[in-house]
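Beneath this line is the structure, given in structure tokens, with notes to follow.
The values are calculated or read from the model by the stated rules, or taken from the named source; none is laboratory data. Quick caveat: nothing in here was measured; it's all calculated off a predicted structure. Here the Cβ is made from the backbone with ideal geometry for all residues, glycine too, and neighbour counts use every protein chain on show. Side chains included, ligands, DNA and RNA excluded: accessible areas come from the protein's heavy atoms. Shrake-Rupley method; radii C 1.70, N 1.55, O 1.52, S 1.80 Å.
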Amino acid sequence: MTIQQAIKRADALKPNAFTNREKTEWLNALEGRIAANIFLMAHVEIVMLLFDWPSGKNIEMLVKPPHDDIYIHWLCAKIDEANGEYNKYQNSMQIYNEYYGDFLRWFAGLYDPVQGYMAV
């Protein structure tokens, strides 16, 4: 999924007044966490993969289908948080955390620290 696709899908679910640049920054924060905490990338690698709007809008993000919905749920949660809708934010974060956990468990089943990432 590209940045533009994630933003478009989140906007369809949660119409909002935030700019694409703001939403790209939110995606960068998540992408950095995924790169560091799951893919175990070095800081230098993480900095190189972060993107800017609009120049990076067509860049493919790290998490691929069927787990790439985490980006949409993350954006929905961030929209709720930024709007001060904290009950909605809690619900959105719970959904996001379920998707993130599913991805983490799936990836952990494929990743061997000695061998590296074993794509299927």
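See the values below:
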quantity: Extension gain (nm, one decimal) between ASN91 and LEU110, 0.36 nm per residue minus Cα-Cα; calculated: 3.9 nm
quantity: Rounded if a/c under 1.5, otherwise prolate or oblate - the range 53-92, Cα gyration tensor axes; calculated: oblate
quantity: Value of relative contact order over the chain, rounded to a whole percent, pairs C-alpha under 8 Å and six or more apart; calculated: 29 percent
quantity: Cα-based shape type of the range 20-79, given that a ≥ b ≥ c are square roots of the gyration tensor eigenvalues and the cut on a/c is 1.5; calculated: oblate
quantity: Cα gyration tensor shape of the range 18-120, rounded if a/c is under 1.5, else prolate or oblate by comparing a/b with b/c; calculated: oblate
quantity: Net +/- balance of residues flanking ASP52 in space, Cβ distance below 10 Å, scoring K and R +1, D and E -1; calculated: +1
quantity: Percent carbon-and-sulfur accessible area, the range 20-120, ignoring ligands, DNA and RNA, probe 1.4 Å; calculated: 54 percent
quantity: For the chain, size of Cβ-based charge dipole, Lys and Arg +1, Asp and Glu -1, in debye; calculated: 180 debye
quantity: Surface per residue (accessible, 1.4 Å probe) for the chain, Å²; calculated: 59 Å²
quantity: Environment charge of TYR96, counting only residues whose C-beta is closer than 13 Å and scoring Lys/Arg +1, Asp/Glu -1; calculated: -2
